[in-house]
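The structure appears right after this line, and notes come after that.
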Amino acid sequence: MIELFDSEIHINDWGSSKGDQLKWYSGEYWYKADSLGYEGLSEYVISHILSASDLNSSEYVLYDVEQIKYKSRVINGCKSRNFLKEGEALITLERLYRNAYGRSFYTDIWSIEDHEDRLKYLVDKTVALTGLSDFGIYMSKILTVDTIFLNEDRHLHNIAVIKEPEAGYRLCPIFDCGAGLLSDTEREYPLGVDIYEAMRNDVRAKTFTEDFLEQLETVERLYGSHITFKVDRKQVEEIITGASIYNEIIRDRVADIVCSRISKLGCLFK
């Protein structure tokens, strides 16, 4: 457990449609408190499964669960090490586009009728503004992760690039997957809900289409497939066992969700 204070609270200059989590920065670590359910567990599980993929460790943020003491409360959540180097700044795609064109990137994307054209517009504009020619491959990796783990909150405030001190840009590691794995037990998916029915009928993507499988098919068609995993149910359960600050009901639910997704998207798991 770590005790955190008002002086360490970080206020984003953007909002998340899934709710605003309390965030702190202390001792080179970022801390996030659960707000709507078990976001910290989702961050932890997803990032540790990514460590069993063919991604390089620099391509994603690794999270650990953490109990946070804040004022008189003890809150479950997660922590991650700061990945920015000295002089670098995190620039969300929404901010990048708005600075260049004076209007909302998200609104412009969703004004395009065809979902494939939406994704191409997102990638092409980002490449034009940053010079990151492999941004399409990067989006393929992010959206594959979101599809597997049903991250409903991948809007353009949590896809970002890193502005380097000498005016260049580099790709940002994959971060902010806390809205995955049906983690919102407060509003959307209360404990006891039929998770299989929810996965079939209720969960929605957000970046350029609402259908996760359509999202995966589109990004692979345009930019290829660039991530596979080597993990099975036993390894998933071992990862989840390490999150003992969450009760067994929640951990079992997350294990069932992950294993269901592995079964559905078996081509990505070796």
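Residue by residue through the range 172-187, note down the ones that are of a type outside the set (S, T, N, Q) and crowded, with 18+ Cβ neighbours inside 10 Å.
C172, P173, I174, F175, D176, C177, G178, A179, G180, L181, L182, D184
Looking at (1) among the charged types (D, E, K, R); (2) surrounded by 15 or more Cβ atoms within 10 Å (Cβ to Cβ); (3) not assigned by TED's automatic domain parsing to the domain that holds D146, can you tell me which one K206 breaks?
Among (1) among the charged types (D, E, K, R); (2) surrounded by 15 or more Cβ atoms within 10 Å (Cβ to Cβ); (3) not assigned by TED's automatic domain parsing to the domain that holds D146, the lone unmet condition for K206 is (3).
Among the residues of the range 19-43, count how many are in a loop (DSSP other than H, G, I, E, B) and not hydrophobic (A, V, I, L, M, F, W, C).
So the answer is 8.
When the range 96-111 is examined, which residues are found to be part of a helix (DSSP H, G or I) and either at pLDDT below 95 or within 23 Å of the chain's Cα centre (by Cα) (or both)?
Answer for the range 96-111, where residues must be part of a helix (DSSP H, G or I) and either at pLDDT below 95 or within 23 Å of the chain's Cα centre (by Cα) (or both): L96, Y97, R98, F105, Y106, T107, D108, I109, W110.
Going by what's in this entry, would G19 be described as out of contact with any Pro (no Cβ under 9 Å at 6 or more places or on another chain), modelled with pLDDT of 95 or more and of a type outside the set (D, E)?
no
From the set of residues in the range 68-100 that are farther than 19 Å from Y44 by Cβ and of a type in the set (S, T, N, Q), which is surrounded by the most Cβ atoms within 10 Å (Cβ to Cβ)?
T92
With respect to the numbered conditions (1) surrounded by fewer than 20 Cβ atoms within 10 Å (Cβ to Cβ); (2) in contact with a helix residue (DSSP H, G or I) (Cβ under 7 Å, 6 or more places away or on another chain); (3) part of a loop (DSSP other than H, G, I, E, B); (4) not small (G, A, S), which one is the sole condition not fulfilled by M199?
(3)
How many of the residues making up the range 112-143 are under 23 Å from D54 (Cα atoms), part of a helix (DSSP H, G or I) and touching a strand residue (DSSP E or B) at 6+ places or on another chain (Cβ under 9 Å)?
Counting residues in the range 112-143 that are under 23 Å from D54 (Cα atoms), part of a helix (DSSP H, G or I) and touching a strand residue (DSSP E or B) at 6+ places or on another chain (Cβ under 9 Å) gives 4.
Out of K163, K141, report the one residue that is basic (K, R) and under 26 Å from L268 (Cα atoms).
K141
Evaluate the following for L213: is it under 14 Å from T147 (Cβ atoms) and exposed (fewer than 14 other Cβ atoms within 10 Å of the Cβ)?
yes
Name every residue in the range 72-87 that is in a strand (DSSP E or B) and within 17 Å of Y60 (Cβ to Cβ), in order of residue number.
Hits for the range 72-87 are C78, K79, S80, R81.
The values are calculated or read from the model by the stated rules, or taken from the named source; none is laboratory data. All of these numbers come straight from a predicted model, not from anything done at the bench. Cβ atoms come from the backbone with ideal geometry, glycine included; neighbour counts cover every protein chain shown.
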